Amino acid sequence: MSKGRGSASWSARAIVALMAVSVLLLQADHNVQAATYTVGDSSGWALNAVGWPSGKQFKAGDVLVFNYNPSFHNVVVVDSGGYKNCVTPASASTYTSGKDRMTLSTGPHYFICNFPSHCESDMKIAVTAV
């Protein structure tokens, strides 16, 4: 009988160990799937950025990095109306570090530069994360 109990104990430990490894692999897989994108690639956050997201597929957890000279640009998180009309709502968040990082949640995201005439010169992007 002790052999049977030892086998059952070993089996239970093996199952627990396999479950723990599975959880770790799932967490590692989730972390690997998040990507970091430099907005505008080597040009950085600049005029005519509007087309930069084209062809890219963004996921929740992905990070957008905005690199720019804060003396000449900023990043403003706006809603769809602010994006379309180049208007900064009073509730908008404005970033000015020159190296801003935005982690995407599921859904649409809109970013503009609200320095005079920059948004109108297509210094804006819209991305949707799934």
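Numbers at a glance
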| read-out | value |
| --- | --- |
| Net charge contributed by nearby residues that have their C-beta within less than 11 Å of Cys113 (K/R +1, D/E -1) | -1 |
| Residue-count net charge about Gly82 - beta-carbon cut-off 14 Å; Lys, Arg +1, Asp, Glu -1 | 0 |
| Chymotrypsin sites (Phe, Trp or Tyr not before Pro) restricted to region 28-89 and DSSP loop, no more than 14 other C-beta within 10 Å | Phe72 |
| Around Ala49: net Lys/Arg minus Asp/Glu count, Cβ-Cβ under 15 Å | -2 |
| Under 5 Å, built H, 5+ apart or other chain: amide partners of Cys86 | none |
| Karplus-derived 3J(HN,Hα), 6.51/-1.76/1.60, for each residue of region 63-69, Hz, glycine and proline x | 10, 9, 10, 9, 9, 6, 8 |
| Low-density loop cleavage sites - trypsin sites (Lys or Arg not before Pro) in region 49-93, where at most 16 other Cβ are within 10 Å (DSSP) | Lys56, Lys59 |
| Inverse mean reciprocal Cα-Cα distance (Kirkwood Rh) of region 60-130, Å | 12.2 |
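Read-outs throughout are calculated quantities, based only on the coordinates presented, and are distinct from any laboratory measurement. Keep in mind the model is a prediction, meaning the values are calculated, not measured. When we count neighbours, we look across all protein chains shown, and the Cβ atoms used for this are built from the backbone with ideal geometry, even at glycine.
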